[in-house]
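First the structure, in the form of structure tokens, and then the observations on it.
The values are calculated or read from the model by the stated rules, or taken from the named source; none is laboratory data. Since the model is a prediction, treat every value here as computed from it, not as a measurement. Here the Cβ positions follow ideal geometry from the backbone for every residue, glycine too, while neighbour counts run over all protein chains shown.
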Amino acid sequence: MCRPWANRDVRPYNVGAVNTNSLVLLVLLVLAVGAFGYNALRLFRLLRLGKREDRFDRIGERLKSLLIYVLGQKRVLEDPYSGVLHLFIFWGFIVFSLGTIEILGKGLYKGFSLPLLGSGQPHQYLAFLQDVFALLVIAGVLMATYRRLVLRPERLGGHFSDAAVILVLIFGLMVTHLGASGLNILLNRNPSASWTPVSRVLARFFAGLDLANGTEPFLHSLFWWSHILLLLGFLVYIPFSKHLHIITAAFNVFFRSLRPQGALAPMGLEATETFGVARIWEFTWKQLLDLYACTECGRCQDQCPAYLTGKPLSPKKLILDLQGHLLSQGPALMKRGRSPGNGNGHALVGEVILEDELWACTTCGACQAACPVFIEHIDKAVDMRRNLVLMESRFPYEVQQVFKNLENNFNPWALGWDSRADWAKGLGVKLLSENGEAEILYWVGCAGSFDERNRKVSRAMVNVLQAGDVDFAILGTEEKCTGDAARRIGNEYLFQILVRENIETLDKYRVRKVLTTCPHCYNTLKNEYPQFGGNFEVVHSTEFIADLIDVGRLKFRKDQELVVTYHDSCYLGRHNGIYKAPRRVLRAIPGTKVVELPHSREKGFCCGAGGGRMWMEEKIGKKINLERTEEVLAAKVSAVGTACPFCLTMLEDGIKSKEAGESLKALDLVELVAQAI
């Protein structure tokens, strides 16, 4: 006969029934915590193989990152489905961390209570949150299982075993908690059961089963001990699982790079015998922490233009391959020492990472922008390139000529340095060497000076500046390549030579404000020259022109009658956050209708020329610029606007390859403005 629920007095989760087993619990707890601590120490010691790096600056900003990206899950929520399920599970664990302490405490000592919570109303709030979040976590687990087994996104990979273990453990923790809590209400007196609505429903369910005497205490004990064993098993398993990020992700976010996103880490050339990274221990400790923090979500892979066009590079695989190498070879390295001559023999490039993977990277930053835990893929790729270039002279054949051109004529093209200012003949452009000073230094860049197509952009820029009555000058033959391509290909030595010579020239003329049309020049001058003492105000042409339009210094006279889309340059957009200014310029031009591409702004698709790829043959897979050109053609526009000389070149090549020159034109925004005025 069913015992009436209404006659039962209730009280919340109490483990008095199992306190006689506190000694067993203590032993298990010590063993589990000891195993976890041992393996956590092992992982920490592996991190110490890495080189020193200061990531303890700007503590306030780092704490803010924790609030936004860890507690707020900002980047995780950019993917709605996986973001919501992860949010349920994440916040469920936050809430349950307090409950876990209480469960273990009461299991060891009946009178245990958490400080500030006790047994009053604060405790009731916690009990309510645990009850609700247990259901939300279960919902998150079911959503994750459906995603893995039914939706099966490619980026997650085909291996489900480790994820299945974690999901079963989490599901089991929630079910056993609710079961024990419901039975506890059934067995004990407490006036606050109404604060645990889910457990109260379960208590009614168990009451309706009309169990034999003694069964309810046994079931309570079974649920409680199952919960404890699952909890301790989870603790022991985490350091060995793909969910190691549960522990490390928050640390990785806290220690994330606070350099400008477009800036690579500087490399000292004087106080070292080796350059770049050849072996795992030549990364910094933070770069190694990245390997622990990977969630294997594959968001980086989904955004990588190299991967999406059939190249061997996957940012996710790159990190996981390095992680596997660290975990397998790290213990031996700690015993034998970190010298290459000590028998470790595991060079990264060739044995762990393929050269084709390394050279496929365009440094577009899409992987880093997508990563929810701020893994820094680009620095690792460039560090390994630096070693190949500076220590082994291993790089694509065509790059050799680029280096020679930069060394001899200070530009990547095989053209004499003395012709750098020829594009400006007859335009009335001032030279700083003749005039001494100007309000603005127009940094033309190598493409704008030597590439015939981009010389048209330079001339258009002069027309715009003159129409806006801007006091500007150029360096002419004194300007040299900023070194962007040299640095990203890996020739840090050549890059630093160019930097110091350019800074010396700029300081000689006391230049304080620099205008560029090239995002690569913009990024290098603005974000990387300060690493070497070159501090200047740097502005891109789209920002500058947008401001001229806003203050009325540019007057448009021609209706363009164009349907145009805008291609975001990676080094202007993702690396420097300039998205609004180019669109403001386009929308200000009379008769221009702007159409957005599916991949735009933060999700923009690379043209394929960054990271020195402008100077390398694209022999594997589909050409990246063709992929982008096809997207532009599908938009049914008459023109594609850009604000980067590399993007302009790649888009024009793509249009020619698709034989679409009659229906689609590629134009720099500066040219569109010059035509309209």
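Sort through Leu441, Leu406 and tell me the only one that's modelled with pLDDT of 95 or more, assigned to a helix (DSSP H, G or I) and surrounded by 21 or more Cβ atoms within 10 Å (Cβ to Cβ).
Leu406
Looking only at helices (runs of 4 or more DSSP H) that lie completely in region 21-119, which have at least 2 residues being among the hydroxyl-bearing types (Ser, Thr, Tyr) and over 20 Å from Pro239 (Cα atoms)?
80-108
Can you pull out every residue in region 242-280 that is modelled with pLDDT under 95, of a type in the set (Ser, Thr, Tyr) and under 22 Å from the mean Cα position of the chain (by Cα)?
Residues satisfying the conditions do not exist here.
One residue is enough: does region 239-259 have a residue meeting the conditions closer than 27 Å to Tyr38 by Cα, outside any helix (DSSP H, G or I) and of a type outside the set (S, T, N, Q)?
Among the residues of region 239-259, at least one is closer than 27 Å to Tyr38 by Cα, outside any helix (DSSP H, G or I) and of a type outside the set (S, T, N, Q), which makes the answer yes.
Taking only region 24-70 into account, find how many residues are without any contact (Cβ under 8 Å) to a residue 40 or more places away in the chain and under 22 Å from Phe90 (Cβ atoms).
3
For region 407-427, name all the residues that are among the small types (Gly, Ala, Ser) and touching a residue at least 24 places away in the same chain (Cβ under 8 Å).
Result: Ser419, Ala421, Ala424.
So how many residues does region 497-551 have that are buried (at least 24 other Cβ atoms within 10 Å of the Cβ) and part of a loop (DSSP other than H, G, I, E, B)?
2
If I filter region 468-487 for residues that are β-branched (Val, Ile, Thr), modelled with pLDDT of 95 or more, within 37 Å of the chain's Cα centre (by Cα) and under 24 Å from Lys380 (Cα atoms), do I get at least one hit?
Checking region 468-487: at least one residue is β-branched (Val, Ile, Thr), modelled with pLDDT of 95 or more, within 37 Å of the chain's Cα centre (by Cα) and under 24 Å from Lys380 (Cα atoms).
Conditions: (1) surrounded by fewer than 16 Cβ atoms within 10 Å (Cβ to Cβ); (2) among the polar types (S, T, N, Q); (3) closer than 20 Å to Leu28 by Cα. Ser226 meets all but one. Number of the miss?
(1)
For region 24-38, how many residues are surrounded by fewer than 13 Cβ atoms within 10 Å (Cβ to Cβ) and either among the charged types (D, E, K, R) or under 17 Å from Glu102 (Cα atoms) (or both)?
Going through region 24-38 one residue at a time, the tally reaches 1.
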